[in-house]
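K.L.:
Please find one structure pasted underneath; my questions will follow.
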Amino acid sequence: MSKITEVDVIPFTFEVDDLSLGGGRAMGVSNVVYERGAKLKVMRYAVALRTDDGAQGKYVTHWVGTQSALGQTLMLAPNLLGRDPEHREAIYDDLKREARAYDHMGHGPLDIAIWDLYGRMKSTSVTSLLGGFRDRLPTYASTHHGQELPGGLDSIDAYVNFALDCKHRGMPAIKVHGWHDGNKRREAKLIIAIRDAIGSDMELMVDPACELRTYADALYVGRACDEAECLWYEDPYRDSSVSVIGQKMLRENLKTPLLTSEHIRGLEQKAAFALAGGCDMIHTDPEYDLGITGTMKIAHFGEAIGMDVQVHACGPAHRACVAAMRNTHFYELALVGPRMPNLIPPVYQCGYSDQIDGVAGDGTILVPSGPGLGVEYDWDFIEANKIAAHRFRL
């Protein structure tokens, strides 16, 4: 029996060229814009686990790398000390209880690091441990939001041109995040313009990211989704897609399948939401939904009731999960745009990439096959750019 004796949680920063917060004062969800010559400082954090027999497991956050999630990870991290990494179900259950009064966002990175540790202990990939049956994943471009400043996605034409670029790259689908002002008419025009440009042989999805102000606005834009024959309509308006009644009303009045539950955390609540009629498709994320353990529980629940599950965002843990799911469609390359890179930390020494140029000509992306998550991190970069180091010892 091995036991975890060391847990390190290291927040660090890196800079991304030609992106800024525009007029924003603090980084939030998807509020960056293209600004030539600007430099955007981004924070993420790394987790490293070590056992008494020398095994190691690591994970570096993508979307969940925020101060809010970091606080919860630090709260939960000491609970891993002395635990056997083979007992992932028991650890998952204990951490879930510990975070019951919070939103659970700091749980996922720890669970993912445990899976990486266990895969390396067994000299096999997490994908194989999950029963993964695909080594390449069909991948869609998930756009940055629109902006009012010149550059980037600053007009309907800019979106159309980017969608056509994605199609020319061989990508099978694109998902559009519109502007932050919630202008229903501009959003609807954007959807129709993109469909007219890309034709019927490329899937189109729409995610207002809860920026539409009212149910009526969501219904208006949803009808444009119906006209454009979108694959799904995601998180439409300012209920944050957590009101079952509101989502049921949309489902009753639209043809386009509704993808929600990104902001409902964990298996039990997503199951209740889906069974109450709040969605046509379930959203999950191994960073958000209590790790790989939580995400696969949600995927199997969806399979049991005949419902598709879509994995939110990107990362090596996300690829492993998607590779093991039958009832899913695409891997999400989030977020990208014209001259706008994905905010992925530059810490991979193995060629791993979630930038748009990492997608093959057939529109697929590779599932890492090495031990654990199958990626190797540049720990020297993380240590050189750390803003703190939280080290827990048995």
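The values are calculated or read from the model by the stated rules, or taken from the named source; none is laboratory data. Fair warning: this is a prediction, and the values are worked out from it, not measured in the lab. Quick reminder, even Gly has a Cβ in these numbers, built from the backbone with ideal geometry, and neighbours come from all protein chains shown. When the accessible area is computed, the model is the full protein with side chains, heavy atoms only, and any ligands, DNA or RNA have been set aside. Shrake-Rupley method; radii C 1.70, N 1.55, O 1.52, S 1.80 Å.
K.L.:
For the Cα atoms of the chain, what angle does the longest principal axis make with the long axis of helix 184-198, in degrees from 0 to 90, nearest 10?
P.N.:
90
K.L.:
Cβ under 9 Å from Y92's Cβ, Y92 left aside: what net charge do those residues give with Lys, Arg +1 and Asp, Glu -1?
P.N.:
That sum, taken over residues with Cβ under 9 Å, equals -1.
K.L.:
Angle between the Cα long axis of helix 67-76 and the longest principal axis of the chain, 0 to 90 degrees, nearest 10?
P.N.:
For helix 67-76, the angle is close to 30 degrees.
K.L.:
Over the stretch 1-144, what is the relative contact order in percent, taking alpha-carbon pairs closer than 8 angstrom and at least six residues apart?
P.N.:
Result for the stretch 1-144 is 26 percent.
K.L.:
With each run of n ≥ 4 DSSP H residues scored as -39500 (n - 2.57), what mean residue ellipticity at 222 nm is computed for the chain after dividing by its residue count and rounding to the nearest 500 deg cm²/dmol?
P.N.:
-9500 deg cm²/dmol
K.L.:
I've got another one for you. In Å and whole numbers, how far do the C-alpha atoms of the stretch 343-394 stretch along each principal axis, longest first?
P.N.:
Principal extents (largest minus smallest coordinate, Cα): 46, 24, 14 Å.
K.L.:
Antiparallel DSSP bridges in the chain: what percent, to the nearest 5?
P.N.:
Approximately 55 percent, going by the DSSP bridge assignments.
K.L.:
Separation between the M1 and R134 pseudo-spin-labels, each 7 Å from Cα along Cα→Cβ, expressed in nm?
P.N.:
With each label point 7 Å from Cα toward Cβ, the separation is 3.9 nm.
K.L.:
Percent of alpha carbon pairs in the stretch 38-153 separated by more than 26 Å?
P.N.:
35
K.L.:
With N set to the residue count of the chain, report its C-alpha Rg divided by 2.2 N^0.38 Å to two decimal places.
P.N.:
0.95
K.L.:
Once Lys and Arg get +1 and Asp and Glu get -1 on their Cβ, which of L153, S243, L137 lies farthest toward the positive end of the dipole of the chain?
P.N.:
S243
K.L.:
Measure off 7 Å from each Cα along the Cα-to-Cβ vector at R36 and T13, then give the distance between these two points in nanometres to one decimal.
P.N.:
Rounded to a tenth, the inter-label distance reads 2.7 nm.
K.L.:
Taking the full set of protein chains and a 1.4 angstrom probe, give the accessible area of T295 in square angstrom, rounded to the nearest 10.
P.N.:
It works out to around 0 Å².
K.L.:
Further, regarding this structure: Distance between Cα centroids, the stretch 370-394 to the stretch 180-212: provide it in whole Å.
P.N.:
Taking the Cα centre of the stretch 180-212 as reference, the centre of the stretch 370-394 is 39 Å away.
K.L.:
At 1.4 Å probe radius, can you tell me the per residue accessible area of the stretch 42-163 in Å²?
P.N.:
That works out to 36 Å² for each residue.
K.L.:
In addition: For M75, M43, M325, give the ranking by accessible area with the largest first, probe 1.4 Å.
P.N.:
My answer, sorted largest first, is M75, M43, M325.
K.L.:
While we're here: Take M1, M105 and sort them by solvent-accessible surface of the protein heavy atoms, 1.4 Å probe, largest at the top.
P.N.:
Output order, biggest surface exposure first: M1, M105.
K.L.:
Continuing with this model, one more query. Return one whole number: the accessible area per residue of the stretch 198-280 in Å², for a 1.4 Å probe.
P.N.:
Here the residues of the stretch 198-280 average 39 Å² of exposed surface.
K.L.:
Follow-up question, since we're still on this one. Checking a compactness column here: for the stretch 17-95, what do you get for Rg(Cα) / (2.2 N^0.38 Å), N being the number of residues?
P.N.:
Scaled against compact globular proteins, the figure is 1.51.
K.L.:
On to the next question. Mind pulling the angle between the C-alpha long axis of helix 88-98 and the longest principal axis of the chain? Nearest 10 degrees, somewhere in 0 to 90.
P.N.:
Once rounded, one gets 70 degrees.
K.L.:
Please give every one of the lysines within straight-line cross-link reach of K270, meaning a C-alpha to C-alpha distance under 30 Å, and leave out same-chain neighbours fewer than 8 residues apart.
P.N.:
K58, K96, K175, K184, K248, K255, K297
K.L.:
For the pair A193/R169, report the inter-label distance in nm, with labels modelled 7 Å from Cα in the Cβ direction.
P.N.:
Spacing of the two 7 Å Cα→Cβ label points: 2.0 nm.
K.L.:
In whole angstrom, note down how far apart the Cα centers of the stretch 30-57 and the stretch 271-313 are.
P.N.:
Centre-to-centre distance over Cα atoms comes out at 26 Å.
K.L.:
Starting with the highest mean, order 311-318, 249-256, 34-41 by the number of other Cβ atoms within 10 Å, averaged over the residues of each peptide.
P.N.:
Ranked from most to least packed, the peptides come out as 311-318, 249-256, 34-41.
K.L.:
Oh, and also: Take every Cα-Cα pair in the stretch 124-188 and report what % of them are more than 18 Å apart.
P.N.:
Distances greater than 18 Å cover 51 percent of the Cα pairs.
K.L.:
Students often check this: by mean Cβ neighbours within 10 Å, which of 162-174, 78-90 ranks highest, and how do the rest follow?
P.N.:
162-174, 78-90
K.L.:
Could I ask something else about it? Sorting R391, R100 by accessible area (1.4 Å probe), largest first, what list results?
P.N.:
Largest accessible area first, the list is R100, R391.
K.L.:
Given the protein chains as shown and a 1.4 Å probe, how many square angstrom of E229 are accessible, to the nearest 10?
P.N.:
140
K.L.:
Keeping the other protein chains in place, figure out the carbon and sulfur percent of the accessible area of the chain, with a 1.4 Å probe.
P.N.:
48
K.L.:
Once R0 is set to 30 Å, what does the formula 1/(1 + (r/R0)^6) return for the Cβ-Cβ distance between A272 and Y220, expressed as a FRET efficiency to the nearest 0.05?
P.N.:
My answer for the efficiency is 0.55.
K.L.:
Quick check: net charge around I292, other residues with Cβ under 9 Å of its Cβ, Lys/Arg +1 and Asp/Glu -1?
P.N.:
Overall, the nearby charge balance is 0.
K.L.:
Given the protein chains as shown and a 1.4 Å probe, how many square angstrom of W63 are accessible, to the nearest 10?
P.N.:
Using a 1.4 Å probe on the heavy atoms, I get roughly 60 Å².
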